[in-house]
Amino acid sequence: MPNIIHLLPDHVANQIAAGEVVQRPASAVKELIENSVDAGATEIQLIVVDSGKTLIQVIDNGSGMPAEDLEKSFERHATSKISSADDLFSIRTKGFRGEALASIAAVAQVEVLSRPEEEDHGMCLKIEGSQITSREPAPAPVGTNFQVKNLFYNIPARRNFLKSNAVEFKHIIDEFEHVALAHPNIHFTLLHNGSEIMNLPEAVLRQRISGIFGKKYNERLVPVEEHTDVVSVSGFIIKPEFAKKTRGDQFFFVNDRFIKNGYLHHAVSAAFEGLVSHGVHPGYFLFLTLDPQRIDVNIHPTKTEVKFEDEKVIYAMLRSAIKHSLGQFNISPSLDFDSEIQLSVPPLTKGQNINPPIIEVDPNFNPFAEDSQKAPKTYSGYQPPAAPPSAGSTYEWTQLSTQAEEEAPVEKNPEVCIQLNKNYILSPLKSGMAIIHQQRAHERILYEDYLNKLEGGTAASQQMLFPIQMILSPADAPILLEQIDILRGMGFDIEPFGHNGVVIQGIPLNMKDSEIESSLEQLIEDAKNFRSEFSLAPQDWMAKNFARSGAIKSGVALEKEEMLHLIHQLFACSMPMMGIDAKPTLIHIEGDELSKRFA
Ligand code: ADP
Ligand code: MG
């Protein structure tokens, strides 16, 4: 039998290995700026074009590399950061695997110009698909200027696999933020397609956070500081009232390296328990410092996962440190940390009034008016006030009945209804009665309303007295802007504003001012995570989302007119019986059933 095993040529091996390190432009960004940090730079400039697909450039004023090192740095396992296996346990630098540059050079066209302080000129190296194509001396400031062009130019399949520019840019921003947060003492700038997205001068952590996420963050931050023999924790948590529906303000750093860790996240959430409501995520910027010997960062090539030797100790310490801060800054309702705290709203202060929830309904709405007669089964939006129902109305709640059409089970114009448990509406039918789930019914109504508007492009909008400005993080802004046409179709009067903002001057008729920000945050969150529901049918998703947030909730007391209005609207829907989550909106108890029960 002939020998069939042979070694892969270097360039193939490099491409395969590159797959682990460089998945997308953001991976190269991370590696390059981390190298600049490791090189002791105090200024790091990131320049990207087309979300990094065309160009990623990192310019630093760090140590630079002598000509010989510069060439070596592109060899696999070439690193200046460790020299023995023992060193793996005392890592203080970002890099140590010596793989990043070799990987990047295998899948892009690279041009690097570097000069160490000892030299009076730099060296410029060009590499394509792992092959050096040119090397020549060139004038340069001290430091390194690294350009990665046309990433994956030689692996079309990988290039085609990249996501939209907005998505790829969001990943870049994430990586940039992680490093910028971990190193507030370094001046970072970020330029995208020629415009400056961020400029973060040297600062302390608090300023750095505001620099990235906006000035309003300053007043939201509560410091955390705790030291033990095993681990120190410092940083900030975000006051519970500013916790968001969107994930994104959760940052853990271990020895200044950004990491993801569900277990530690749980520790923070546990400390916030009772202070934030369900579905809302506490925000934090927490820095753990511990002996590098007690962690293993080598378990994943991108090093965002870390194994801790003393996981349980760290969990307990973190939780108590945060409870301590919440208590110290008077945010926690009690200093007795072990008692069961079950508050989802901050305690009332003396003299503060409780405002009853406001439900906006149109008491004059009449489903028997002209429009609904034309199309009785299709909800056609909020109707202007109309004349009282005429006696000869042909409107019938036939959906309730499996019987013959002419035998509508309900009063033609129900006048009687009562609310049960602030949750259900009871209304007599011609035969039996209907029990309507108020929240689900209203969700169904709003959902169909939004969908009709989107399909018909006829959304009415209410102008706002005070336009809302939303300043988003640079990562979230493009995601929201991608959906702007759909939002306009639903009745939003929304425009891009400044670098990363939108200004909203009008909103759909059914929406309340107070719902807008949280609804849009939810939208960003779901779009970001590509929940399949969202990517398959963004319009349907949005109609559902806005219906959910705008609907009358369970637990809200309703006036009779409001209930009647709701009933009418529900039965003008095309699918009145089914809630938007596929659960029933109403139960019909037939007269027969009642008589059976009384038998
Ligand atoms: P690692 O960071 O794991 O050592 P890399 O492939 O990222 O591996 O880099 C290889 C080597 O190149 C580094 O160890 C470092 O000595 C050198 N290097 C890379 N980037 C820079 C830079 N911006 N400034 C100075 N030296 C650098
Ligand atoms: Mg590196």
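Within region 65-95, the residues that satisfy the criterion of being hydrophobic (A, V, I, L, M, F, W, C), within 14 Å of ligand 2 (Cβ to nearest atom) and free of Cβ contacts under 8 Å to residues at least 40 places away in the same chain are A78, I82.
In this structure, does V58 turn out to be within 12 Å of ligand 2 (Cβ to nearest atom) and at pLDDT 95 or above? The answer is yes for V58.
Close Cβ contacts (under 7 Å, 6 or more residues apart or on different chains) running from residues in region 197-220 that are more than 11 Å from L181 (Cβ to Cβ) to residues that are β-branched (V, I, T) comprise M198/T189; M198/I212; N199/T189; E202/I186; G214/I471; Y217/I209; R220/I238.
For region 305-325, a tally of residues being assigned to a helix (DSSP H, G or I) and closer than 24 Å to H178 by Cβ returns 9. Quick check: anything in region 121-140 polar (S, T, N, Q), away from ligand 1 (no atom under 16 Å from the Cβ) and crowded, with 17+ Cβ neighbours inside 10 Å? So far as region 121-140 goes, no, none of its residues is polar (S, T, N, Q), away from ligand 1 (no atom under 16 Å from the Cβ) and crowded, with 17+ Cβ neighbours inside 10 Å. Hey, does region 190-201 have a residue that's more than 16 Å from ligand 1 (Cβ to nearest atom), at pLDDT 95 or above and hydroxyl-bearing (S, T, Y)? No, region 190-201 contains no residue that is more than 16 Å from ligand 1 (Cβ to nearest atom), at pLDDT 95 or above and hydroxyl-bearing (S, T, Y). The listed residues are T189, T144, and the only one of them that is of a type in the set (V, I, T) and either over 31 Å from the mean Cα position of the chain (by Cα) or not assigned by TED's automatic domain parsing to the domain that holds N61 (or both) turns out to be T144.
Counting only strands (runs of 3 or more DSSP E) wholly contained in region 105-202, the ones carrying 2 or more residues that are under 27 Å from N500 (Cα atoms) occupy 143-149, 187-192, 195-200. Looking at region 278-289, can you tell me whether even one residue there is over 22 Å from E34 (Cβ atoms) and surrounded by fewer than 14 Cβ atoms within 10 Å (Cβ to Cβ)? Yes, some residue in region 278-289 is over 22 Å from E34 (Cβ atoms) and surrounded by fewer than 14 Cβ atoms within 10 Å (Cβ to Cβ).
Among A28, A41, A102, A78, which is crowded, with 18+ Cβ neighbours inside 10 Å, in the same structural domain as A182 (by TED's automatic domain parsing), within 12 Å of ligand 1 (Cβ to nearest atom) and assigned to a loop (DSSP other than H, G, I, E, B)?
A41
Can we say K72 is of a type outside the set (A, V, I, L, M), more than 29 Å from P201 (Cα to Cα) and near ligand 1 (Cβ under 9 Å from one of its atoms)? It is true that K72 is of a type outside the set (A, V, I, L, M), more than 29 Å from P201 (Cα to Cα) and near ligand 1 (Cβ under 9 Å from one of its atoms). Taken together, the residues in region 1-52 that are hydrophobic (A, V, I, L, M, F, W, C), closer than 21 Å to N150 by Cα and within 16 Å of ligand 2 (Cβ to nearest atom) amount to 10. Only one of these conditions is not met by A140: (1) more than 16 Å from ligand 2 (Cβ to nearest atom); (2) aliphatic (A, V, I, L, M); (3) out of contact with any Lys or Arg (no Cβ under 9 Å at 6 or more places or on another chain); (4) more than 15 Å from V48 (Cα to Cα). Which number is it? Status for A140: all satisfied but (3).
Residue count for region 89-99 under the criterion of being among the small types (G, A, S), part of a loop (DSSP other than H, G, I, E, B) and over 19 Å from N145 (Cβ atoms): the result is 1. Inspect all residues belonging to region 532-551 and state whether any of them is touching a helix residue (DSSP H, G or I) at 6+ places or on another chain (Cβ under 7 Å), exposed (fewer than 14 other Cβ atoms within 10 Å of the Cβ) and not in a strand (DSSP E or B). Yes: region 532-551 contains one or more residues that are touching a helix residue (DSSP H, G or I) at 6+ places or on another chain (Cβ under 7 Å), exposed (fewer than 14 other Cβ atoms within 10 Å of the Cβ) and not in a strand (DSSP E or B).
The values are calculated or read from the model by the stated rules, or taken from the named source; none is laboratory data. Keep in mind that this is a model prediction, so the values were computed, not measured. Glycine gets a Cβ as well: all are built from the backbone with ideal geometry, and neighbour counts include every protein chain shown.
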